[in-house]
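Here's the structure, in structure tokens; my notes come after.
Derivation of every value follows stated rules applied to the coordinates shown; laboratory data play no part. Small disclaimer: the values here were computed from a predicted structure and weren't measured. In this analysis, Cβ positions are derived from the backbone assuming ideal geometry, glycine residues included, and neighbour counts consider all displayed protein chains.
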Amino acid sequence: MRNTDWRNSFWLRVAFAQTLVSLLLATLLFIGLYAGSSHFARHQLREEIATESMALAAEALGQGRSAIEQDIQLRLVHGGWYAMRDSQGGLLAGDARITPVPAGWHEQAMPFDGRSERERAEHGLLILSTMLTDGSHLFVGRDTHSIHELHELFSRLFGWTLLATLLLATLGGLLLGRIVQRRTQALRETTQAVGAGDLTRRVQRGTRRDEFDNIEANLNDMLDRVGHLMGRLREVSLDIAHDLRTPMSRLRQRLEAARATCADAEPMAITLDAAIADLDAQLATFAALLRIARIEDGSARGHFQRESLSALTQRIAEIYVPVADDSRRTIAIRIDAEVDVLGDRDLLTQLLVNLVENAIQHTPQSSHILVALSRADDGSPTLRIEDNGEGIPVEQRERVLLPRVRLDSSRGKGGSGLGLALVKAVADLHGAVLRLEDAQPGLRVSVRFVPA
Amino acid sequence: MRILIIEDDVTTADWVARSLRERGHVVDVATDGREGLYRATSGEHDIAIVDRMLPAMDGLAVVRALRAASNALPVLMLTALAETQERVEGLNAGADDYLAKPFAFSELEARVLALARRPPLARVETVLRAGDLEMDLVRRTVHRAGKEVLLQAREFQLLEYLLRNVDRVVTRTMLLEHVWEFHFDPKTSVVETHISRLRAKIDRGHSTEMIHTLRGMGYSLRAQH
């Protein structure tokens, strides 16, 4: 993953938020549950105490004090806390450790003897004091330990649940993140490739028809549309280039016919020759444009043959040694034998010629040019044309590979501006990688072919 | 010469026909493939100039039909684009040479003349001669006035092509295609450079120049002045 800062990662933020929300929910749920059950337990306890008290009070009313004293002794055996005191506070029956309190509900510390501090804290006594008709008090109590135990159980459970929630939520968040990451991977890759200029890339569509699939479908539709429009634009430009050739050819024929009627030295002849030369330059540009389009359509791959790139490179380099010599530049040749490629001989010739001519034309006098052919470590035939001229600044390297139509030849150093674009088209056709590099000083053009 | 033009573009056909007639040739024009094929089989012509794109029957089919009928009439094919594929298709169909539109008339004329007078294919020469220049194709040697001239392989090839077309005009494009196998227009003066080097070796020290530059047309190797 590229974003190490979690704040920059959408899915990590989602995972974090999800964990927080889950923890909050678990806490709320627990608080509710705890409050409910604790209330219920206390209610139950009071109910029990109240029932006991009422039964004993009814007994006292009906059968007299001695019967109830016996009953209290009996109930004490079964557990629980009971006591009865007369109106002066004297113990009539039951447990003397119960502190006498006025009528109503009371909570007291558990009257233990010699128990640990911790145990003392865990127990308590809930007392209902009832005043009977003769002014005596009946005390019925229960140990609140069960409520305390419920508390303890809940806090233990709460801890575990929080831990489990934290784990599950984190896991879920990570999982969700991974899913989002995976689902957006194709989108990311495709948009990146398209951004880099490959308009033919499409997203591999999922089959779920969910939101992601929708976005993918929309993106593909959008790319189709863009591609279609660009294709149309190209078609139109090519159609124009193609259609203009016929009237331009006729114009050329008329100019030539007119030229044939004048003698060489006449001013008219000079004008007509210049007009024909201009027209030829434009026709050459159109021809080069159409040629690039033809190369780009890939149909030439159909008749690729095994060609000796060594022999071809050697031949072209040798042809240009005297040309370079005449323009005061030198060509050094360093070519490995028996380097073959699968390709179109004419187009490979054009690629070599364009690169060598480019080196001759765009370097200052007395520059050195190297034409080298070798095999890379992985066996790919690699052609290098190097010079020690001015080179091309990094920011312009990509631009010089794009077709730039220069119909007005006075604006540039001559040429249609399509030379390197043609080289790029030929390299692409052959699946070769074209690179412009800094030869320090100068330009190094390398073409790395696929091994034949 | 009697020349047949099979071309549906009337403007081009007229221009080529008129220009050829001015040079003293007899020219017939057919504007579709079927009519063209019919006239080509009459046996009256020395060469046919055939456009590749034709109504009724395209140029390739015309040439194929001619060759199928064992008709050896030299054919120069005209096309809109000079891509490898088109060129190879044209030559495979049986055309003898190939010219992309638009072209200069001098280019067309040079190619027509080179084709029409091409010696029969069966004759295999081992020595080419022009005046006091002699080329031995087996030994790969060249002598001028009895003295050996040392040529590099590429120079030998260039001279051989000029010798085979002695006294005829060869255009820059013809040299590029046949000597260097460049089926496109290079930006530098490749042809001029090599011609001037060859000229230095062949003509230097001799009173008569053999390699001539014809401005706006091309080059010519001439036996006599």
Ignore the peptide's own chain and count Cβ atoms of other chains within 10 Å of each Cβ in B:178-188; give me the average, rounded.
6
Quote the relative contact order of chain B in percent (integer), defining contacts as alpha-carbon pairs under 8 Å separated by 6+ residues.
13
Peptide ranges A:130-140, A:91-101, A:283-293 listed from the most packed, as the mean C-beta count within 10 angstrom indicates
A:283-293, A:130-140, A:91-101
The size of the Cβ-based charge dipole (Lys, Arg +1; Asp, Glu -1) of the protein assembly as shown about the Cα centre, to the nearest 20 debye, is 1640
Cβ-placed point charges (K, R +1; D, E -1), dipole of the range A:138-273 about Cα centre in debye, nearest 20:
220
Over the whole of A:274-280, what's the average partner chain Cβ count within 10 Å per residue? Rounded to a whole number, please.
1
Give the relative contact order (percent, whole number) for the range B:41-137; include only Cα pairs under 8 Å separated by 6+ residues.
23
Average partner coverage of A:249-256, which counts Cβ from other chains inside 10 Å:
5
Hey, what angle do you get for helix A:65-77 against the long axis of chain A, alpha-carbon based, 0 to 90 degrees rounded to 10?
40
Near the amide H of A:W81, under 5 Å away, which other amide H atoms are found, from residues 5 or more places off or on another chain, if H is placed in the peptide plane?
A:G141
Antiparallel bridge percentage (DSSP; both residues within the protein assembly as shown; nearest 5)
70
Among B:N71, B:I211, B:S189 - extreme Cα towards positive end, dipole of the protein assembly as shown, charges at beta-carbon
B:I211
Under 23 Å between alpha carbons - lysine pairs in the protein assembly as shown that sit 8 or more apart or on different chains:
5
Counting only residues 5 or more places away or on other chains, whose amide H sits under 5 Å from the amide H of A:I335 once H atoms are built in the peptide plane?
A:L373
In terms of the alpha carbon gyration tensor, root eigenvalues a ≥ b ≥ c, rounded if a/c is under 1.5 and otherwise prolate when a/b exceeds b/c or oblate, the range A:242-380 is oblate
Mind checking which of A:T191, A:L28, A:A41 is farthest towards the positive end of chain A's charge dipole, using Cβ charges of +1 (Lys, Arg) and -1 (Asp, Glu) about the Cα centre?
A:T191
To the nearest 10 degrees, the tilt of helix A:211-260 (Cα long axis) against the first principal axis of the alpha carbons of chain A is 10
So for R0 = 30 Å, FRET eff. of A:H151-A:S66 from the Cβ-Cβ r, to 0.05, ends up at 0.15
The range B:13-91 and the range B:145-207 have their Cα centres apart by a whole-number Å value of 30
Normalise the Cα radius of gyration of the range A:156-205 by 2.2 N^0.38 Å (N = residues in it) and let me know the number.
1.93
Where only C-alpha atoms are counted, convex hull volume of the protein assembly as shown per residue in Å³
292
